[in-house]
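Have a look at the structure below before the remarks.
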Amino acid sequence: MVRGHAALVHELDKLATTVLRSANRNSVDLVLWLKQATSMLPMIEFTRQCDLSGLEAQIVCPVLALDGDGEGEIFNRQAREFYDAVGSSRKQLVSFRSADGGGAHCQVDNYNLLQEVTYDWLDEVFATSPPAS
């Protein structure tokens with residue numbers, strides 16, 4: 001029996017909603033709300049527009065790239081490729097290890113470590129020398 005296209009799309013949307021919401025419910029819900037969407041398909045279409053491929057060399061401001069070893073090989077490679085391609089002379093890639101906490105996507109398993117690393121980096125970026133006397 002061949003399923004209709006609409007039924008297949010509905011099942012895929014239901015699966016994507018279940019999987020993604022369990023992985024990162026707040027982020028998914030925020031994008032759905034912003035796009036006034038009731039299903040995952042508009043969100044997937046929206047995220048396709050959020051692609052920096054080919055633009056990385058034009059990024060010249062300070063960049064902090066973060067990844068965790070629990071995100072998997074593909075995401076770790078993407079983080080490294082992004083970092084390597086960024087045109088900024090002031091860039092840093094921090095790879096969190098699960099053993100230290102922070103290995104999950106967006107470091108949801110250790111927000112304290114994420115904040116410590118991020119704020120230390122911001123302190124360095126925005127540090128200014130005291131005026132000469």
Suppose the chain between ALA7 and GLN36 were pulled fully straight at 0.36 nm per residue; how much longer would it get relative to their current alpha carbon spacing?
8.2 nm
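So if we plug the beta-carbon distance of ALA85 and GLU124 into 1/(1 + (r/R0)^6) with R0 = 25 Å, what FRET efficiency do we get, rounded to 0.05?
Details: r = 22 Å, r/R0 = 0.88.
Approximately 0.70, to the nearest 0.05.
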What nm distance separates the two modelled labels at ASP109 and GLU73, each placed 7 Å from Cα along Cα→Cβ?
1.9
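Relative contact order for the range 56-126 using alpha-carbon pairs under 8 Å, separation at least 6, rounded to a whole percent? Could you put the intermediate results ahead of the total?
Details: 106 pairs, mean separation 24.8, N = 71.
Computed value for the range 56-126: 35 percent relative contact order.
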Among LEU55, ALA104, LEU93, which residue has its Cα furthest toward the positive end of the charge dipole of the range 51-133, with +1 on Lys/Arg Cβ and -1 on Asp/Glu Cβ?
LEU55
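Read-outs: derived from the displayed coordinates by stated rules, not from any lab. On a predicted model such as this, the values are computed, not experimentally measured, just so you know. We place every Cβ from the backbone using ideal geometry, glycine too, and count neighbours over all the protein chains shown.
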